[in-house]
Amino acid sequence: MHRIPIYQIDAFADQVFGGNPAAVCPLGDWLSDETLQAIAAENNLSETAFLIPGRDPVPLRWFTPRLEVKLCGHATLASAFVLFEFLEPGREVVTFETMSGRLVVTRDGDWLTMDFPSIGSARIEDADVPPALLEGLGLDPEEVRMTDDDWNYIAVLSDEEAVTGLRPDFGLIEQVHPHGVAVTAPGRSVDFVSRYFVPGYGIPEDPVTGSIHCALAPYWAERLGRGRLEAEQRSSRGGRLDIRVGGERVHLTGRAVTYMTGEITIV
């Protein structure tokens, strides 16, 4: 029998019911991939993070309800929060070992800053844009970009109203799987806004996505001519990120709160 602690954390939020919820499960050692995936499917959150505390660096993996992913921002923030708040109180820096290399999270009071890799993007020709993407969004973007890691499409829109008013057809968006789709535009009260859709991974719309900002932030930093940015993800829950872009790294800062603690029992 396995008894596994579970923490449900709202990341990029300063109060519950905001930001992006993630489950965090500390383990003594890795369970089978099938068991980890089954737990993530049962949790049915955009991400479940599994980590092995007590090691240096701390091994960390992320699973959507359908599969394992190589980078996740909000579940990394949530994992660091669990370490700082519950598992190793007083600790202020943690290094995670992940599929995307070593990721460092530092704590300054209630604020957590993640040191993530910068991901570039390039504009693609109209002929290379999947028809299902445009039909699924129901509009013509100013431009469509592909991230350098070939993981996501980015549709750049003219204004934030186009982003917030978007009603995508998730069935069509799912046809561009394994790619995710981000939409972004200049903001009024912040530097830029965005939304992010990955129905092929079991996440029709992700509430707040740290990883996609590793690509959005470098684009907007170059376009706006500055490295410090404020961003909002305009999902129904919503969340705000403070960002610093420098060299090959992107620093994402946010807060997190505890929604629930419990235990999983697997016989």
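Quick notes on this one:
- Enumeration of residues in the stretch 168-206 that are buried (at least 24 other Cβ atoms within 10 Å of the Cβ) and not in a strand (DSSP E or B): 173, 206
- Residue check for residue 222: over 14 Å from the mean Cα position of the chain (by Cα) and either assigned to a strand (DSSP E or B) or among the aromatic types (Phe, Trp, Tyr) (or both): no
- Test result for residue 71, part of a loop (DSSP other than H, G, I, E, B) and either under 21 Å from residue 203 (Cβ atoms) or touching a strand residue (DSSP E or B) at 6+ places or on another chain (Cβ under 8 Å) (or both): yes
- Test: residue in the stretch 167-178 that is closer than 18 Å to residue 232 by Cβ and of a type in the set (D, E, K, R): no
- Evaluation of residue 53 against (1) over 19 Å from residue 252 (Cα atoms); (2) within 13 Å of the chain's Cα centre (by Cα) (one fails), failing number: (2)
- Of all the numbered requirements in (1) in contact with a His (Cβ under 8 Å, 6 or more places away or on another chain); (2) not in a strand (DSSP E or B); (3) not acidic (Asp, Glu), residue 250 misses one, and that requirement is (2).
- Candidates 15, 37, filtered to the one that is crowded, with 16+ Cβ neighbours inside 10 Å and over 17 Å from the mean Cα position of the chain (by Cα): 37
All of the numbers you see were taken from the coordinates with simple rules; none came from a lab. Since the model is a prediction, treat every value here as computed from it, not as a measurement. In this analysis, Cβ positions are derived from the backbone assuming ideal geometry, glycine residues included, and neighbour counts consider all displayed protein chains.
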